[in-house]
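See structure below.
The values are calculated or read from the model by the stated rules, or taken from the named source; none is laboratory data. Quick caveat: nothing in here was measured; it's all calculated off a predicted structure. As a convention, Cβ positions derive from the backbone with ideal geometry for all residues, glycine included, and neighbour counts pool all protein chains shown.
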């Protein structure tokens, strides 16, 4: 018997929805889970009815290890949190130490921190956009994005010798003065990067397949974004205009003129596009910072190697590429932290996955996970 | 909004919370008992604290200190809630009903400290394997692979 294609008779063998539930285990070692994340997916046909992330595969106990090291020795540990954006964890930790110990940071060091962190934002967003594109099948975009990222990594390598774990921001300043001609190369990169961003915008965000795969997928309402503790591009993609560089400013950010891009639909497309536009703003901040920066000391002079801050606690946070990255430090007056807690934006954003994935197809789960941009070094700590 | 204005605002709206509010090193801190935690957190939520950014705990020699950090976006103000719970029977009411952000963070605090959050819908280990024994961030946690580094002074 032949049935007309497209008619119901074609699908007589299909599983009746609501009767058979299929449980599929995605990950932990799966290329599109962006690290080691396992998702237990309950499927009705091809539609996700429940997605439950299982994390902890990369848990190294960094918070416990920090209790066993001096304040300066913890900085390399913070590199290993968000290994796509090590500068952020360095900076957030150092801000908490500086607040706890009452250290004043020289102005030039603050500018250098801003410059490297905005470059880090570009590198991190390029990683995110590239892998989000690869998730939807756009392999060319992946290469374009990683080409841009490589330029930032090369500049960091020139600056501090490392490509991923920089250990650059230290309590009281930064570790190295910039090399000769570095700012000119960074400015040249900013000019080239804008061209690259426009190219990527045309190549990927104007593409009909990318739009089909990402629009109206994983929609997050602004109310949910706030209540679930989402931050960074995930919250801003839903139209929550909240960026701590602007609305709870720290360091020298009030001196720069920049915009906070927000989305309107809260879907995967908006979250990805917010990241693209943030790279333009980062270029603007880098250029302003380089023009405002004056020569001067890059480290607080006379700072002891063994810091023993006052007993008490301190919390400080920065806007990382993934959102509000905070470090809570408790001191008992000794040379080691009594307790260190990292408020990880990737951890809080990943908690949204069950909410966002429900009702979508299994193939969309990968896109939704990519749009949350989790880095599992930071999720699992 | 600065801390003094926040204190005034809090005292005008909820006079019974006023004596619990203190300023520690420039941060506003509300110290509450475990049985009043849910009520105080609900009051702060009504006051405009729409984000729960941190849930964590500190193992003090005599008790566990629970630390919550709330943030009010309209006011750009932050406040800590600190709540001391008994070390032998650490129980406190969950805040997941007020802010879903607490769901995973309370699970993590349970995982690391063994603090029971009553009313949490899904309280089980999150970072460590389900069959892990002990609560690693407690100061008395013993593990043969845990080596104390020598003192440097």
Restricting attention to segment A:58-72, report how many residues are within 26 Å of residue A:123 (Cα to Cα) and surrounded by fewer than 17 Cβ atoms within 10 Å (Cβ to Cβ).
1
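Helices (runs of 4 or more DSSP H) wholly in segment A:228-347 with at least 3 residues that are modelled with pLDDT of 90 or more and surrounded by 17 or more Cβ atoms within 10 Å (Cβ to Cβ) - which ones?
Working: elements: A:233-237, A:244-247, A:268-292.
Per the criteria, A:233-237, A:268-292.
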Here are some residues: B:95, B:123. Which one is surrounded by fewer than 21 Cβ atoms within 10 Å (Cβ to Cβ), touching a strand residue (DSSP E or B) at 6+ places or on another chain (Cβ under 8 Å), more than 10 Å from every other protein chain (Cβ to nearest Cβ) and part of a loop (DSSP other than H, G, I, E, B)?
B:123
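Can you name the residue in segment B:28-43 that is over 15 Å from residue B:96 (Cβ atoms) and within 14 Å of chain A (Cβ to nearest Cβ) and, of all such residues, is modelled with the lowest pLDDT? Lay out the reasoning, then the answer.
In the first step, residues of segment B:28-43 are kept if they are over 15 Å from residue B:96 (Cβ atoms); the result is B:28-36, B:39-40, B:43.
Narrowing the set further to residues that are within 14 Å of chain A (Cβ to nearest Cβ) leaves B:28-29, B:31.
Working: B:28: 83, B:29: 88, B:31: 87.
The extreme case among them is B:28.
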Subset of segment B:51-64 that is facing another protein chain (nearest Cβ under 7 Å) and touching a residue at least 40 places away in the same chain (Cβ under 8 Å) - its residue that is surrounded by the most Cβ atoms within 10 Å (Cβ to Cβ):
B:52
Taking segment A:34-56 as the region of interest, how many residues are under 22 Å from residue B:105 (Cβ atoms) and buried (at least 17 other Cβ atoms within 10 Å of the Cβ)?
10
Within segment B:135-150, residues surrounded by 10 or more Cβ atoms within 10 Å (Cβ to Cβ) and free of Cβ contacts under 8 Å to residues at least 12 places away in the same chain come out as B:141, B:143, B:146, B:149
For the structure I just gave you, tell me whether residue B:20 is surrounded by 12 or more Cβ atoms within 10 Å (Cβ to Cβ), within 26 Å of residue B:87 (Cβ to Cβ) and in contact (Cβ under 8 Å) with a residue 40 or more places away in the chain.
no
Name, by its number, the condition in (1) over 23 Å from residue B:140 (Cα atoms); (2) within 9 Å of another protein chain (Cβ to nearest Cβ); (3) free of Cβ contacts under 8 Å to residues at least 24 places away in the same chain that does not hold for residue B:67.
(1)
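Taking the conditions exactly as written (within 30 Å of residue A:176 (Cα to Cα), under 15 Å from the mean Cα position of the chain (by Cα) and within 14 Å of another protein chain (Cβ to nearest Cβ)), does residue A:243 satisfy them or not? First the steps, then the outcome.
Values: within 30 Å of residue A:176 (Cα to Cα): yes; under 15 Å from the mean Cα position of the chain (by Cα): yes; within 14 Å of another protein chain (Cβ to nearest Cβ): yes.
Here the answer is yes, as residue A:243 does meet what is asked.
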Those residues that are buried (at least 24 other Cβ atoms within 10 Å of the Cβ) and within 11 Å of another protein chain (Cβ to nearest Cβ), I need them from segment A:353-381; list them, please.
A:379, A:380, A:381
Within segment B:70-81, the count of residues that are within 12 Å of another protein chain (Cβ to nearest Cβ) and buried (at least 18 other Cβ atoms within 10 Å of the Cβ) comes to 7
